[in-house]
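To start, the structure under review is shown below, and the notes come after it.
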């Protein structure tokens, strides 16, 4: 097991900055990399906002929040971000080509003994690990949005993930205050596979006129005790992300995961969810 002091997060989007916040708040020296300087600036403000809210609610002190922010460094230099780090968490968008390029950078620039985790919610970790010289140091570390509120991390064992790699990720997750489940790699793991099915069925019901989006959300919240309705959740996650996951599950697992045409239409129309102000609902 690797003793982790420095964590590098690759990707400053919704999940990336959330993971960076969790790492810095838990005492790790944290680096957040993105090629886009504007994305890094937004991420800094979003992380700062979470800390400010935490101080307002009395969950942390202003001194501890300032100390955590001081542990968080932003960089658009991939070599700088990977230098002398103990754990790398890849949090780029759900595109296998992009993730494979980052894995090549990791293999070339990061310490040979650094543990490599990917936050993918559906893609093949074994395929990514195959591009690394030592695939035993690669596994999945699937966080949930919003990271600072969601307690679960799915630890995903790829074909060649070593026991030491899984133990390191488990120890880091515990230090972040998270609960974990260990999953053998399969398309969609546990949560993405179930959520994709529920969300896809909800879109089919909406397309068929079974009920309105608000009534479908209300039924699942009040009748099945879900904390969020499927449309509220997809607007938070991103309709493009959900469509990408369903397309992968459809390709891997067959017809029952075929994406609803209405979901595909929404994505083509640019209705991608809260991040753009318009998804199933208007924001």
For the Cα atoms of the chain, what angle does the longest principal axis make with the long axis of helix 163-175, in degrees from 0 to 90, nearest 10?
-> 80 degrees
Any idea how far the Cα center of the stretch 95-114 sits from the one of the stretch 205-263, in Å?
-> 32 Å
Expressed as an acute angle from 0 to 90° and rounded to the nearest 10, what is the orientation of the C-alpha long axis of helix 96-109 relative to the principal long axis of the chain?
-> 0 degrees
Please work out the Cα center distance from the stretch 128-163 to the stretch 1-44, rounded to the nearest Å.
-> 16 Å
The chain - share of DSSP beta bridges that are antiparallel (%, nearest 5) = 15 percent
Quick numbers on the stretch 1-91, Rg and Dmax over C-alpha atoms in Å, give 12.6, 38
In degrees, nearest ten, helix 37-56 long axis to first principal axis of the chain (Cα) | 90 degrees
Using a ≥ b ≥ c from the Cα gyration tensor of the stretch 158-283 (square roots of the eigenvalues), is it rounded, prolate or oblate, where a/c under 1.5 gives rounded and otherwise the larger of a/b and b/c decides, a/b for prolate?
-> prolate
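Each reported figure results from applying straightforward, stated rules to the coordinates on display, with no laboratory input. Computed from a predicted model, the values in this text were never measured in an experiment.
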